[in-house]
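The values are calculated or read from the model by the stated rules, or taken from the named source; none is laboratory data. Quick caveat, the model's predicted, so the values are computed rather than measured. Note that we place each Cβ from the backbone using ideal geometry, even for glycine, and neighbour counts take in every protein chain shown. Surface accessibility is based on the protein's heavy atoms, side chains included, excluding ligands, DNA and RNA. Shrake-Rupley method; radii C 1.70, N 1.55, O 1.52, S 1.80 Å.
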Amino acid sequence: MTGISTAGPSTVIRCKAAVAWEPNKPLMIEEIEVAPPQANEVRIKIVASSLCRSDLYFLLEGKNGSNFPMVLGHEAAGIVESVGPGVTEFKQGDKVIPIFLPQCRECRFCKSPKTNLCKFKIDGMPEPVSRLTCKGKKLTQFMRTSTFSEYTVVKQNAVAKIEPAAPLDKVCLLGCGISTGYGAAVNTAKVEPGSTCAVFGLGAVGLAAVMGCKAAGAKRIIAVDTNPDKFDKAKEFGATNFVNPKDHDKPISQVLSDMTNGGVDYSLECIGNVGVMRSALESCVKGWGVSVIVGFTNEHDLSARPIQLISGRTWTGSAFGGFKSKDGVQQMVKAYMDKKIKVDEFITHNLTLNEVNDAIELLKQGKR
């Protein structure tokens, strides 16, 4: 995509988007209408969008069929095409990253250093209002973003302005996965220098968690995954050991306990599997071990024995890596531009919007 539409803030834009008409079906490339931005909204030309496993979760596993048809996508970067009334932070031509987690900077949550949540936070699904339509039907805006479209409209409290020199086809990854994993280690777990960590799952979020553990000074980072082909990539990001649960006839928590003289200081579950979440908790050392739930799921209940927490372990969760979203994205983009974090190394394929279903198949096969 090149250039910016000159349609202006009062004109409907017709463009291409990948529409999910129903659950567990291929996305369809359709012409859609993108309405003008309303008060406090920004219309963005999407230049690059990554595919996140959360998109697949809601397409393939989500139970709420009433949210279809929808446009998926929430990890992207683009250029401001126009702004609605009341928008003063952005102007046409600004490079931006839309974010699924708002930061209004005014509510009690945004003002508190104890959380990165905002009163406008969503629980994975969008608000009823949508600026996207196709064939006369409103399209649900997934995560309030819907970046599998050439244009989208987002609330200004969920958009981060980034430096003009940032390459949009790279920094789009900072809108979710990399920031989520890296921040979970640095902000939520607060990994300490010289500590021992275990990261469960080596997708983009897991690799970013490994990178975060290394940046925090961990001396030993154990990467846990059932696919041994991922270890070489994990080593690039800082992993020191690789454990495949399939290679052992005892629970992975016991394997890690044996390797670390009683358990790791920090564990991060980056898959979204409640069984693995419990294993990650049990892999932590008694007394002070911290286990962070990073992977998303909302289909099953967690289970653990009280003694596992009474004995001194801490079990906690992390949304968007604990970053105040707008501020955090800007920090991460700067860190990338200053060559302090890896981003390019996460990219495995470059595909067009027309090839979105190919991208989904690659991710399903673990070949992101």
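The angle separating the long axis of helix 204-215 from the principal Cα axis of greatest extent in the chain is about 60 degrees. Each Cα pair under 8 Å and six or more residues apart adds its sequence gap; the mean of these over the residue count of region 190-317 is a relative contact order of 22 percent. Calculated accessible area for the chain comes out at 44 Å² per residue, all protein chains present (probe 1.4 Å; ligands, DNA, RNA ignored).
When the Cα atoms of the chain are aligned to their principal axes, the ranges along those axes come out at 64, 40, 36 Å in descending order.
Here the accessible area is traced with a 1.4 Å probe on the protein chains. For the chain, carbon and sulfur cover 50 percent of it.
If packing is taken as the average count of other Cβ atoms within 10 Å, what order do 136-148, 174-186 fall into, highest mean first?
Going by the mean number of other Cβ atoms within 10 Å, highest first, we get 174-186, 136-148.
Counting Lys and Arg as +1 and Asp and Glu as -1 over every other residue whose Cβ lies under 9 Å from the Cβ of Q103, the net charge comes to +2. Spacing of the modelled spin labels on V12 and N40, each 7 Å from Cα toward Cβ, amounts to 2.6 nm.
Estimated at the nearest 10 Å², the accessible area of T348 is 70 Å² with a 1.4 Å probe.
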